[in-house]
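S.K.: I'd like to ask some things about the structure below.
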Amino acid sequence: MKGLWDIIPRNYRRRAIGVTATIFLRALLNFVGVAMLIPILTLILDRESLTSSKYMLWAYEWLGVDSYDSFVVVVCAAVVGIILLKNIAILGLYRYERNYIYSLYRHLSKALFVAYHNRGYGFVKQNNSAVLTRNVNVVTLMFVAGVLKPIATIIGEVLLLALIVVALMWYSPMAALLAACVFMPIVAIFYFAMRRRLHDIGERENAAQRTKSRIVAECFRGYADVEIGGAFPEMFKRFDVAMNEVVALRKRNATIGMLPNMFTEVGLAVGLVALVMLSILSNGDNVALMFGIFAVAAIRLIPSVRGIMSGWSTIRYNKYTIATLADISFADDSHIEERTERMHLERSIELRNIDFRFDDADSNTISDLSLRINKGERLGIRGSSGVGKTTLFNLILGLYRPTAGEIRIDDVVLDDNNIRSWQNAIGYVSQSVFIADMTLAENIAFGSSTEAIDYERVNEVIELADLKEFVASLHDGIHSRIGEQGSRISGGQRQRIGIARALYKGCDVLFFDEATSSLDGKTEENINNAIRRLSTNNRSLTIVVIAHRDSSLEYCDRIITLQ
């Protein structure tokens, strides 16, 4: 319960007090609905109750009816009206509870998305994207719908049960004792029989669902390699194993879900048998009335007991969500502020005695590196694979934080407070430029809403990036969709889109990380010529290039080699 409470943000904890009040009111109204049936039952089974009860007699005289039958009809009509109003009120209270639950889901899903993002590039690289996606979209929903919502149900039903039992003890102690003897053992047996089994089933299904999500994501993300390598049959086999696990666990859970109904029906049958035996032993004295009271109580007791057992089953099944979300600090406000300020490069980028080590590494990837990059310079970086070239880029880009040393932009230390401003001023073209499943214009103006795109600027950078011929070949021009991860374009076109994206941004520094390594010689030469023209036409633009081949660094003013 503590872990559950820690997950809920503070402002939602305060609102939980109001939800608790609605649960109590709902239980009270449900009790009123049951209690209103008792007077009718008493009037029907015991005509003398009209004179033996001062309340009944007062109501009879106040209504001014002329016969016993008329009084019963009026009382029945009044009870129906009260129950109708009660149900309308309960719908309103339930709507308040429902709004709280799904508002919390919306908040947790958004907050988890933000929390994962804010953990940085290293965290994202170390975790499977399909698992993170499932946690954001599915686990948060199962937490509120499969844990919090059943808790609210159990609280409401327990309160209602308590009220009914107290009323039974006051009205008919024997009926109360009978109800307790029937239903309490049922709940206890179900609890001890299922408490571990349900949790294990939930944990195993979550693991199987994560495996399925990962396999599907990897299959489609690496479709070409999967197809050429003939890996799909094996991937499908693993998917099928996970699917069989999910189906088997779901069937077991469905069977367990039927047990509360069966248990409560058996309990009712036992109670009725006990009443019959009591009637035989007591020659039927007052048993009819007690039978009726027990039956009325059972009408609401059975759904309550069933609701408690089913709710508890659901909680145990989805308990894994608490552990999944427990290590996340959920902010009260998950609003993301769009920051547009820029840290313009005026003089230089300077790295001073930089060390960097990955969390799971035994030694530094980069040790005691110092480097100065001047504004307008064209700097090339080369070195063998694994020497740390891309890691160096990620440090300058602000994606990693140095283990030791500092990075200065015009003598200002790069830190968490100004990284966003620095990133707003730089452009980045990787070996495999990220292409979203959007139009060409939206990919170039990446990060801008459709309404905010400057199409005149888009056409300008298309010309600068040598994309005019490609755009002319598209059916809808810059409004053409180019497929998920650029599935409908070539490698050279992908790199040019990356350059156009950086130019649209109006960056001060342009970083190329092996941007031409996967291209053929002719396309590489064309891309390099496009970069050279950019630099020649804008000598204030700083360009930093990582490349294996010296031909990709020919236009650089200076080349450094990492060892």
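S.K.: I'd like the full set of residues that are of a type outside the set (Phe, Trp, Tyr) and either assigned by TED's automatic domain parsing to the domain that holds residue 401 or under 19 Å from residue 214 (Cβ atoms) (or both), limited to region 113-128.
M.R.: Initially, region 113-128 is screened for residues of a type outside the set (Phe, Trp, Tyr), giving 114-115, 117-120, 122, 124-128.
Matches in region 113-128: 124, 125, 126, 127, 128.
S.K.: Give the number of residues within region 182-199 that are loosely packed, with under 15 Cβ neighbours inside 10 Å and modelled with pLDDT of 70 or more.
M.R.: Of all residues in region 182-199, those loosely packed, with under 15 Cβ neighbours inside 10 Å come to 184-185, 188-189, 191-193, 195-196.
Now narrow it down to the ones that are modelled with pLDDT of 70 or more: 184-185, 188-189, 192, 196.
Of the residues in region 182-199, 6 are loosely packed, with under 15 Cβ neighbours inside 10 Å and modelled with pLDDT of 70 or more.
S.K.: Now for a different question. Taking only region 1-21 into account, find how many residues are touching a residue at least 24 places away in the same chain (Cβ under 8 Å) and under 18 Å from residue 145 (Cα atoms).
M.R.: Looking only at region 1-21, we keep the residues that are touching a residue at least 24 places away in the same chain (Cβ under 8 Å), and these are 3-4, 6-12, 15-16, 18-20.
Going one step further and asking which of them are under 18 Å from residue 145 (Cα atoms), we end up with 3-4, 6-9, 12, 15-16, 19-20.
Residues flagged as touching a residue at least 24 places away in the same chain (Cβ under 8 Å) and under 18 Å from residue 145 (Cα atoms) within region 1-21 amount to 11.
S.K.: Looking only at region 329-346, decide whether some residue is within 30 Å of residue 203 (Cβ to Cβ), modelled with pLDDT of 85 or more and either among the small types (Gly, Ala, Ser) or part of a helix (DSSP H, G or I) (or both).
M.R.: no
S.K.: Which of the helices (runs of 4 or more DSSP H) found entirely inside region 422-514 contain at least 3 residues meeting this: of a type in the set (A, V, I, L, M, F, W, C) and within 32 Å of the chain's Cα centre (by Cα)? Talk me through it step by step, then tell me what you get.
M.R.: Values: elements: 440-444, 455-464, 468-473, 491-505.
Ranges flagged: 440-444.
S.K.: Oh, and also: Might you let me know whether region 438-450 holds any residue that is in contact (Cβ under 8 Å) with a residue 24 or more places away in the chain, surrounded by fewer than 21 Cβ atoms within 10 Å (Cβ to Cβ) and more than 13 Å from residue 505 (Cα to Cα)? Give the steps one after another, and end with the answer.
M.R.: Going through region 438-450, the residues in contact (Cβ under 8 Å) with a residue 24 or more places away in the chain turn out to be 438-441, 443-446.
Next, from what is left, pick out any that are surrounded by fewer than 21 Cβ atoms within 10 Å (Cβ to Cβ): 438-439, 446.
With the extra rule that they be more than 13 Å from residue 505 (Cα to Cα), the set shrinks to 438-439.
Yes: region 438-450 contains one or more residues that are in contact (Cβ under 8 Å) with a residue 24 or more places away in the chain, surrounded by fewer than 21 Cβ atoms within 10 Å (Cβ to Cβ) and more than 13 Å from residue 505 (Cα to Cα).
S.K.: If I ask for residues that are modelled with pLDDT under 85 and small (Gly, Ala, Ser), which ones from region 358-395 would you list?
M.R.: Correct list: 361, 383, 384, 385, 386, 388.
S.K.: What do you reckon, is residue 547 at pLDDT 75 or above, within 12 Å of residue 433 (Cβ to Cβ), in contact with a helix residue (DSSP H, G or I) (Cβ under 9 Å, 6 or more places away or on another chain) and aliphatic (A, V, I, L, M)? Spell out how you get there, then give the answer.
M.R.: Details: at pLDDT 75 or above: yes; within 12 Å of residue 433 (Cβ to Cβ): no; in contact with a helix residue (DSSP H, G or I) (Cβ under 9 Å, 6 or more places away or on another chain): yes; aliphatic (A, V, I, L, M): yes.
For residue 547, the condition - at pLDDT 75 or above, within 12 Å of residue 433 (Cβ to Cβ), in contact with a helix residue (DSSP H, G or I) (Cβ under 9 Å, 6 or more places away or on another chain) and aliphatic (A, V, I, L, M) - is not met.
S.K.: Test residue 39 against the criterion of being in contact with a helix residue (DSSP H, G or I) (Cβ under 7 Å, 6 or more places away or on another chain) and modelled with pLDDT under 75, and give yes or no. Outline the logic, then answer.
M.R.: Details: in contact with a helix residue (DSSP H, G or I) (Cβ under 7 Å, 6 or more places away or on another chain): yes; modelled with pLDDT under 75: yes.
Answer is yes for this residue.
S.K.: Being hydrophobic (A, V, I, L, M, F, W, C) and within 35 Å of the chain's Cα centre (by Cα) is the filter here, so list the residues in region 339-373 that pass it. So that I can check it myself, show each step before the final result.
M.R.: Start the filter on region 339-373 by keeping residues that are hydrophobic (A, V, I, L, M, F, W, C), which leaves 343, 345, 349, 351, 354, 356, 358, 361, 366, 369, 371, 373.
343, 356, 358, 361 - these are the residues of region 339-373 that are hydrophobic (A, V, I, L, M, F, W, C) and within 35 Å of the chain's Cα centre (by Cα).
S.K.: Name the one entry in 453, 482, 531, 462 that is surrounded by 19 or more Cβ atoms within 10 Å (Cβ to Cβ) and modelled with pLDDT of 80 or more.
M.R.: Values: 453 fails: surrounded by 19 or more Cβ atoms within 10 Å (Cβ to Cβ); 482 fails: modelled with pLDDT of 80 or more; 531 fails: modelled with pLDDT of 80 or more.
Only one candidate passes the filter, namely 462.
S.K.: Take residue 435 and tell me if it is in contact (Cβ under 8 Å) with a residue 40 or more places away in the chain, surrounded by 16 or more Cβ atoms within 10 Å (Cβ to Cβ), touching a Leu at 6+ places or on another chain (Cβ under 8 Å) and of a type in the set (A, V, I, L, M, F, W, C). Break it down stepwise before answering.
M.R.: Details: in contact (Cβ under 8 Å) with a residue 40 or more places away in the chain: yes; surrounded by 16 or more Cβ atoms within 10 Å (Cβ to Cβ): yes; touching a Leu at 6+ places or on another chain (Cβ under 8 Å): no; of a type in the set (A, V, I, L, M, F, W, C): yes.
Criteria not met by residue 435.
For (1) free of Cβ contacts under 8 Å to residues at least 12 places away in the same chain; (2) under 26 Å from residue 554 (Cα atoms); (3) surrounded by fewer than 17 Cβ atoms within 10 Å (Cβ to Cβ), each residue gets a yes or a no:
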residue	(1), (2), (3)
369	no, yes, no
381	no, yes, no
388	no, yes, no
399	no, no, no
406	no, no, yes
412	no, no, yes
424	no, no, no
428	no, yes, no
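S.K.: Something else: Being closer than 30 Å to residue 137 by Cβ and exposed (fewer than 13 other Cβ atoms within 10 Å of the Cβ) is the filter here; which residues of region 64-97 pass it?
M.R.: In the first step, residues of region 64-97 are kept if they are closer than 30 Å to residue 137 by Cβ; the result is 91, 93-97.
Of everything in region 64-97, those that are closer than 30 Å to residue 137 by Cβ and exposed (fewer than 13 other Cβ atoms within 10 Å of the Cβ) turn out to be 91, 95.
The values are calculated or read from the model by the stated rules, or taken from the named source; none is laboratory data. Since the structure is predicted, the reported quantities are computational estimates derived from the model, not experimental observations. Every residue, glycine among them, receives a Cβ derived from its backbone with ideal geometry; neighbour counts consider all protein chains shown.
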